[in-house]
Amino acid sequence: MLPEPKMEWEIASWIASCHANAHMDQEQYGLAKPWAEISLHTRSTGRNTSPLIDLGIICMRLEQHDEAYSYLHQAYELGQERAFQGNPKDVLSYYKEERAKRK
């Protein structure tokens, strides 16, 4: 879709995020994960928590709990509970439960 070097185009993150979300909507989390990783690595600002939340949700659904916690914790560190707004409520609950287990 993009000319080389693909990862250096600002729109690469948006395209990857769209692919990840399309797969997530179909509950195809294994297919969503590589796209979400691209979205994270190509995001234009380190303050954007959406790719972290997406990866956290994907890993949560794939039962990759250490990875899920890591991504969700990074998002929480950047935006606290505000970072989770607009996402399913079980995501923030899952993060809080995992955080309590690790203390």
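Looking at (i) 26, 13, 11; (ii) 54, 11, 9; (iii) 24, 15, 11, which value of semi-axes √(5λ) of the Cα gyration tensor in Å comes from a calculation on the structure shown? Matching the structure shown: (iii).
The dipole here belongs to segment 53-92: it is taken about the Cα centre, uses +1 on the Cβ of Lys and Arg and -1 on the Cβ of Asp and Glu, and is about 180 debye. When +1 charges are put on Lys and Arg Cβ atoms and -1 charges on Asp and Glu Cβ atoms, the dipole computed for the chain relative to its Cα centre reaches about 380 debye. Compared with the dominant principal axis of the Cα atoms in the chain, helix 89-102 is inclined by about 60°. Extension gain for Glu37-His73 works out to 11.4 nm (0.36 nm per residue, less the C-alpha to C-alpha distance).
Over the chain, what is the relative contact order in percent, taking alpha-carbon pairs closer than 8 angstrom and at least six residues apart?
Computed over the chain, the figure is 20 percent.
Model label points for Lys101 and Gln80, set 7 angstrom from Cα along the Cα-to-Cβ axis, are 2.6 nm apart.
A short reminder: the numbers here are calculations on the coordinates, not readings from a lab. All values reported here derive from a predicted model rather than from experimental measurement. Reconstructed Cβ throughout: ideal geometry from the backbone, glycine too, with neighbour counts over all protein chains shown.
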